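Worksheet for the structure shown next.
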Amino acid sequence: MFIPPNHPRRDSLIIREKLVDGFRMGIVAVEGLIAHGRGECFDYLLGEKTHDFAYEAAKVAVALLLTAEKPVISVNGNVAALVPNEVVELAKLTNSKIEVNLFYRTPEREEAIANWLKKHGADEVLGVGEDASSTIPELFSERRRVSPRGILIADVVLVPLEDGDRTEALKKIGKKVIAIDLNPFSRTARAADVTIVDNVVRAMKHMVLLARELKNVDKSDLRSIIEKYDNNAILQRAVRRILDRLREASESKLVIDFS
Ligand code: PTJ
């Protein structure tokens, strides 16, 4: 679809088109389009930009990936469609494995996502077919199926754009979980160790830049960044930002004057 360069909502429309293309290619689940709508609403409330609390969380997230022994980036349909280059680059910079993990799992989507990521430079993609042969306890959705070389043995898992159950299940088996979620009220956001309240499109770009910058920093310095971090305070700041924006709007003139 042609989107005029001066369209006021161009960036947002481009993201939608990527998801629709992803759906047509068999990468995105139809439910993924609905999930994006919820994200868009929170993005709107947040002013569609990256806030300081998201930068801070992203820095800690990258420090966690860089200090992990077995980090994994978990990829679902929306993430594959929106940020394939960033997933591959972040994995390379942080020495993370890439694993497909789907809520609406089908063999066709697993394959389509793995091929799409390989087309964008991934050497190996776990969690496809027989490789997803292990199970996470206490999880009854298709997300319980994981790779014994990936999420099963991981110490840190990045779960961009998730549903709450798996984050809780991963926490219960001792993983450190990093989430990217525009909704600061979601169970994922509240259960994760580090929550980046930002659009996955912006957050993953920042994480790549941060990984380039931090990969040569001493591990003990990275650990001290992690130790000082407080995820609850980050979520509170995200909620406060939404409140402030709503308050400002409620006190300003909202109608457009065409006279
Ligand atoms: O590809 P699959 O089969 O694994 O399915 C993926 C979806 C996303 C459909 C599945 O995980 C799902 O149903 O997720 P939920 O429970 O709808 O949660 C998605 C969360 O991501 C919500 O809290 C949204 O606000 C948030 N979200 C949506 N789009 C974005 C986002 N967060 C960051 N960036 C976005 N672009």
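The values are calculated or read from the model by the stated rules, or taken from the named source; none is laboratory data. Nothing here was measured: the structure is a model prediction, and the numbers come from that model. Ideal geometry is used to build each Cβ from the backbone, glycine not excepted, and the neighbour counts take in all protein chains shown. What goes into the accessible areas is simple: the full protein's heavy atoms, side chains included, and nothing from ligands, DNA or RNA. Shrake-Rupley method; radii C 1.70, N 1.55, O 1.52, S 1.80 Å.
Observations, loosely collected:
- Reported count of residues in the stretch 75-122, each being polar (S, T, N, Q), within 9 Å of the ligand (Cβ to nearest atom) and surrounded by 23 or more Cβ atoms within 10 Å (Cβ to Cβ), is 3.
- Residues in the stretch 1-41 that are open to solvent by 60 Å² or more (accessible area, probe 1.4 Å), in a loop (DSSP other than H, G, I, E, B) and under 15 Å from Pro84 (Cα atoms): Met25 alone.
- Selection over the stretch 33-74 of residues that are over 20 Å from Arg143 (Cα atoms), among the polar types (S, T, N, Q) and within 13 Å of the ligand (Cβ to nearest atom) gives a count of 1.
- Some residue of the stretch 207-217 being in a helix (DSSP H, G or I), of a type in the set (Lys, Arg) and either within 12 Å of the ligand (Cβ to nearest atom) or at pLDDT 95 or above (or both): yes
- Lone qualifier among Asp198, Asp193, Asp221, Asp230 - being closer than 19 Å to Ser96 by Cα, out of contact with any Pro (no Cβ under 9 Å at 6 or more places or on another chain) and either more than 16 Å from the ligand (Cβ to nearest atom) or open to solvent by less than 20 Å² (accessible area, probe 1.4 Å) (or both): Asp193
- Hey, Leu182 open to solvent by less than 10 Å² (accessible area, probe 1.4 Å), in a loop (DSSP other than H, G, I, E, B), within 12 Å of the ligand (Cβ to nearest atom) and not polar (S, T, N, Q) or not: no
- Yes/no for Ile173 being in contact with a Pro (Cβ under 8 Å, 6 or more places away or on another chain) and β-branched (Val, Ile, Thr): yes
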